[in-house]
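S.K.: The structure's right below; bear with me while I get my questions together.
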Amino acid sequence: MRRIFNTLFGILLAAPVMLTSCQHDAAGEGGRNYLSEIKSVNKLVLAQMTISKMATIDDIDLAKADGLRQTAAGLMDAMKLGDRKAAYSYDTYLRAYVDLSGLTPEDVKVDEATKTITLNLPAVQTEFAGRDMEIREDHYRVSGLRSHIDPKERAEIKEQMNTALKREVEEKSEFRNRLESEARAKCDVYFKSLLGGDGYNVVVNFK
(Lines give C-alpha, C1' and ligand atoms only; values in the text may rest on other atoms or scores of the structure.)
Protein backbone atom coordinates (compact mmCIF):
# COMPACT_ATOMS: atom_id res chain seq x y z
CA MET A 1 0.00 0.00 0.00
CA ARG A 2 1.38 3.38 -0.94
CA ARG A 3 0.52 6.58 0.88
CA ILE A 4 1.64 10.04 -0.18
CA PHE A 5 1.73 12.69 2.50
CA ASN A 6 1.26 16.45 2.52
CA THR A 7 3.84 18.72 0.97
CA LEU A 8 6.30 20.62 3.14
CA PHE A 9 8.07 23.68 1.84
CA GLY A 10 10.65 26.27 2.80
CA ILE A 11 11.73 29.46 1.07
CA LEU A 12 15.33 30.40 0.46
CA LEU A 13 15.79 34.07 -0.35
CA ALA A 14 18.72 33.77 -2.66
CA ALA A 15 21.10 36.53 -3.59
CA PRO A 16 19.77 37.74 -6.96
CA VAL A 17 21.01 35.61 -9.84
CA MET A 18 21.35 37.46 -13.11
CA LEU A 19 21.41 36.15 -16.68
CA THR A 20 22.68 39.01 -18.80
CA SER A 21 22.17 40.60 -22.20
CA CYS A 22 23.06 44.15 -23.28
CA GLN A 23 21.26 47.34 -24.47
CA HIS A 24 21.31 51.11 -23.82
CA ASP A 25 18.84 53.91 -23.09
CA ALA A 26 17.46 56.32 -20.38
CA ALA A 27 20.30 58.09 -18.58
CA GLY A 28 20.42 60.01 -15.34
CA GLU A 29 22.11 63.30 -14.60
CA GLY A 30 25.56 61.71 -14.34
CA GLY A 31 25.24 59.94 -17.67
CA ARG A 32 24.41 56.57 -16.13
CA ASN A 33 22.17 54.52 -18.41
CA TYR A 34 19.62 53.08 -16.00
CA LEU A 35 17.47 51.33 -18.59
CA SER A 36 20.52 49.64 -20.05
CA GLU A 37 21.74 48.56 -16.62
CA ILE A 38 18.40 47.03 -15.68
CA LYS A 39 17.79 45.32 -19.03
CA SER A 40 21.28 43.82 -18.99
CA VAL A 41 20.23 41.76 -15.97
CA ASN A 42 17.76 40.01 -18.32
CA LYS A 43 16.40 37.36 -15.93
CA LEU A 44 16.62 38.19 -12.25
CA VAL A 45 16.10 35.14 -10.01
CA LEU A 46 15.10 36.37 -6.56
CA ALA A 47 13.89 33.49 -4.42
CA GLN A 48 13.72 29.71 -4.42
CA MET A 49 11.38 27.36 -2.61
CA THR A 50 12.30 23.80 -1.70
CA ILE A 51 9.23 21.55 -1.72
CA SER A 52 9.43 18.16 -0.04
CA LYS A 53 7.10 15.22 -0.51
CA MET A 54 6.99 12.04 1.58
CA ALA A 55 5.42 8.66 0.85
CA THR A 56 5.31 5.24 2.51
CA ILE A 57 5.08 1.66 1.35
CA ASP A 58 3.50 -0.78 3.79
CA ASP A 59 0.99 -3.59 4.04
CA ILE A 60 -2.59 -3.04 3.00
CA ASP A 61 -4.90 -2.54 5.97
CA LEU A 62 -7.75 -5.00 5.41
CA ALA A 63 -10.15 -2.64 7.15
CA LYS A 64 -9.35 0.01 4.53
CA ALA A 65 -9.05 -2.25 1.48
CA ASP A 66 -10.90 -0.90 -1.56
CA GLY A 67 -12.33 -3.62 -3.79
CA LEU A 68 -11.57 -7.29 -4.34
CA ARG A 69 -8.05 -6.73 -5.62
CA GLN A 70 -6.87 -4.83 -2.55
CA THR A 71 -8.71 -7.24 -0.24
CA ALA A 72 -6.97 -10.23 -1.87
CA ALA A 73 -3.59 -8.51 -1.64
CA GLY A 74 -4.25 -7.65 2.01
CA LEU A 75 -5.10 -11.28 2.81
CA MET A 76 -1.89 -12.45 1.14
CA ASP A 77 0.13 -9.92 3.15
CA ALA A 78 -1.52 -11.03 6.37
CA MET A 79 -0.40 -14.63 5.81
CA LYS A 80 3.25 -13.74 5.27
CA LEU A 81 5.67 -13.64 8.18
CA GLY A 82 7.48 -10.40 8.97
CA ASP A 83 7.04 -6.70 8.25
CA ARG A 84 7.43 -4.63 5.08
CA LYS A 85 7.48 -0.90 5.67
CA ALA A 86 9.47 1.94 4.15
CA ALA A 87 9.29 5.74 3.99
CA TYR A 88 10.75 7.86 1.22
CA SER A 89 10.99 11.58 0.51
CA TYR A 90 12.45 13.86 -2.10
CA ASP A 91 12.74 17.55 -2.93
CA THR A 92 11.82 19.60 -5.94
CA TYR A 93 12.49 23.30 -6.43
CA LEU A 94 10.31 26.24 -7.41
CA ARG A 95 11.87 29.64 -8.09
CA ALA A 96 10.61 33.17 -8.64
CA TYR A 97 12.11 35.59 -11.15
CA VAL A 98 11.50 38.80 -13.07
CA ASP A 99 12.11 38.93 -16.82
CA LEU A 100 13.62 42.35 -17.50
CA SER A 101 14.55 41.80 -21.14
CA GLY A 102 11.42 43.52 -22.49
CA LEU A 103 11.63 46.80 -20.55
CA THR A 104 11.08 49.98 -22.54
CA PRO A 105 11.95 53.64 -21.79
CA GLU A 106 8.39 54.03 -20.51
CA ASP A 107 9.19 51.54 -17.74
CA VAL A 108 12.19 53.44 -16.37
CA LYS A 109 11.49 57.07 -15.49
CA VAL A 110 14.19 59.35 -14.12
CA ASP A 111 12.88 62.60 -12.57
CA GLU A 112 15.79 64.93 -11.91
CA ALA A 113 13.58 67.54 -10.27
CA THR A 114 12.59 65.18 -7.47
CA LYS A 115 15.64 62.87 -7.76
CA THR A 116 13.32 59.90 -8.23
CA ILE A 117 13.68 56.79 -10.38
CA THR A 118 10.41 54.98 -10.99
CA LEU A 119 10.52 51.41 -12.26
CA ASN A 120 7.48 49.65 -13.71
CA LEU A 121 8.58 46.03 -13.74
CA PRO A 122 6.88 42.94 -15.17
CA ALA A 123 5.00 40.68 -12.78
CA VAL A 124 7.03 38.13 -10.83
CA GLN A 125 6.89 34.69 -12.47
CA THR A 126 7.56 31.24 -11.06
CA GLU A 127 8.93 28.05 -12.58
CA PHE A 128 10.06 24.62 -11.52
CA ALA A 129 13.84 24.53 -11.28
CA GLY A 130 14.66 20.84 -11.12
CA ARG A 131 14.27 18.07 -8.59
CA ASP A 132 16.41 15.55 -6.73
CA MET A 133 17.69 12.75 -8.92
CA GLU A 134 17.07 10.11 -6.25
CA ILE A 135 14.53 9.75 -3.44
CA ARG A 136 15.76 9.62 0.17
CA GLU A 137 15.14 6.49 2.17
CA ASP A 138 14.00 7.77 5.57
CA HIS A 139 12.90 4.40 6.98
CA TYR A 140 13.24 0.80 5.81
CA ARG A 141 12.15 -2.38 7.57
CA VAL A 142 11.71 -5.67 5.72
CA SER A 143 11.83 -8.77 7.87
CA GLY A 144 10.80 -12.42 7.87
CA LEU A 145 9.77 -13.81 4.50
CA ARG A 146 8.73 -10.48 3.01
CA SER A 147 10.20 -9.38 -0.33
CA HIS A 148 12.53 -6.39 -0.49
CA ILE A 149 11.35 -3.13 -2.03
CA ASP A 150 12.94 -3.15 -5.47
CA PRO A 151 14.15 -0.33 -7.76
CA LYS A 152 10.95 -0.54 -9.85
CA GLU A 153 8.77 0.15 -6.80
CA ARG A 154 11.00 3.05 -5.73
CA ALA A 155 10.86 4.54 -9.24
CA GLU A 156 7.07 4.20 -9.31
CA ILE A 157 6.58 5.86 -5.96
CA LYS A 158 8.92 8.69 -6.94
CA GLU A 159 6.84 9.41 -10.03
CA GLN A 160 3.65 9.27 -7.97
CA MET A 161 5.13 11.76 -5.49
CA ASN A 162 6.26 14.03 -8.33
CA THR A 163 2.82 13.95 -9.96
CA ALA A 164 1.07 14.63 -6.64
CA LEU A 165 3.45 17.45 -5.78
CA LYS A 166 3.04 19.26 -9.11
CA ARG A 167 -0.74 18.87 -8.94
CA GLU A 168 -0.73 20.33 -5.44
CA VAL A 169 1.37 23.31 -6.50
CA GLU A 170 -0.97 23.97 -9.43
CA GLU A 171 -4.13 23.62 -7.34
CA LYS A 172 -3.02 25.49 -4.22
CA SER A 173 -2.07 29.12 -4.74
CA GLU A 174 -0.31 29.42 -1.37
CA PHE A 175 2.99 28.10 -2.72
CA ARG A 176 3.33 30.57 -5.57
CA ASN A 177 1.70 33.44 -3.65
CA ARG A 178 4.20 33.23 -0.83
CA LEU A 179 7.17 32.85 -3.14
CA GLU A 180 6.06 35.76 -5.33
CA SER A 181 5.52 37.97 -2.27
CA GLU A 182 9.02 37.24 -0.98
CA ALA A 183 10.46 37.85 -4.44
CA ARG A 184 8.77 41.26 -4.78
CA ALA A 185 10.19 42.33 -1.43
CA LYS A 186 13.64 41.12 -2.44
CA CYS A 187 13.35 42.91 -5.80
CA ASP A 188 12.46 46.18 -4.08
CA VAL A 189 15.54 45.96 -1.85
CA TYR A 190 17.76 44.94 -4.77
CA PHE A 191 16.90 47.86 -7.05
CA LYS A 192 16.96 50.43 -4.27
CA SER A 193 20.46 49.23 -3.46
CA LEU A 194 21.54 49.12 -7.12
CA LEU A 195 20.16 52.48 -8.23
CA GLY A 196 19.85 54.52 -5.05
CA GLY A 197 23.56 55.16 -4.59
CA ASP A 198 23.50 58.37 -6.64
CA GLY A 199 21.08 60.04 -4.24
CA TYR A 200 17.90 58.96 -6.02
CA ASN A 201 14.74 57.74 -4.35
CA VAL A 202 13.80 54.49 -6.11
CA VAL A 203 10.16 53.49 -6.51
CA VAL A 204 9.53 49.91 -7.67
CA ASN A 205 6.12 49.01 -9.11
CA PHE A 206 5.00 45.72 -10.64
CA LYS A 207 2.65 45.45 -13.60
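S.K.: Which sequence of M54, M133 reflects their accessible areas, 1.4 Å probe, from the largest down?
M.R.: Output order, biggest surface exposure first: M133, M54.
S.K.: Amide H to amide H under 5 Å from V202: which residues, 5+ apart in sequence or cross-chain, H placed 1.01 Å off N in plane?
M.R.: HN-HN under 5 Å from V202: I117.
S.K.: From the phi of every residue in the range 34-40, what ³J(HN,Hα) in whole Hz does the Karplus formula 6.51 cos²θ - 1.76 cosθ + 1.60 yield, where θ is phi - 60° and glycine or proline is x?
M.R.: 5, 4, 4, 4, 6, 5, 5
S.K.: Hey, another quick one. Let me check something: with ligands and nucleic acids excluded, how do F175, F128 order by accessible area (1.4 Å probe), largest to smallest?
M.R.: F128, F175
S.K.: For E153 paired with R167, estimate the spin-label separation in nm (one decimal), with each label point 7 Å from Cα along the Cα-to-Cβ line.
M.R.: The two pseudo-label positions are separated by 2.2 nm.
S.K.: Ratio of Rg to Rh for the range 138-189, alpha carbon only, Kirkwood?
M.R.: Value, to two decimals: 1.30.
The values are calculated or read from the model by the stated rules, or taken from the named source; none is laboratory data. Computed from a predicted structure; not experimentally measured. We place every Cβ from the backbone using ideal geometry, glycine too, and count neighbours over all the protein chains shown. Just the protein is used for accessible areas: all its heavy atoms, side chains included, with ligands, DNA and RNA removed. Shrake-Rupley method; radii C 1.70, N 1.55, O 1.52, S 1.80 Å.
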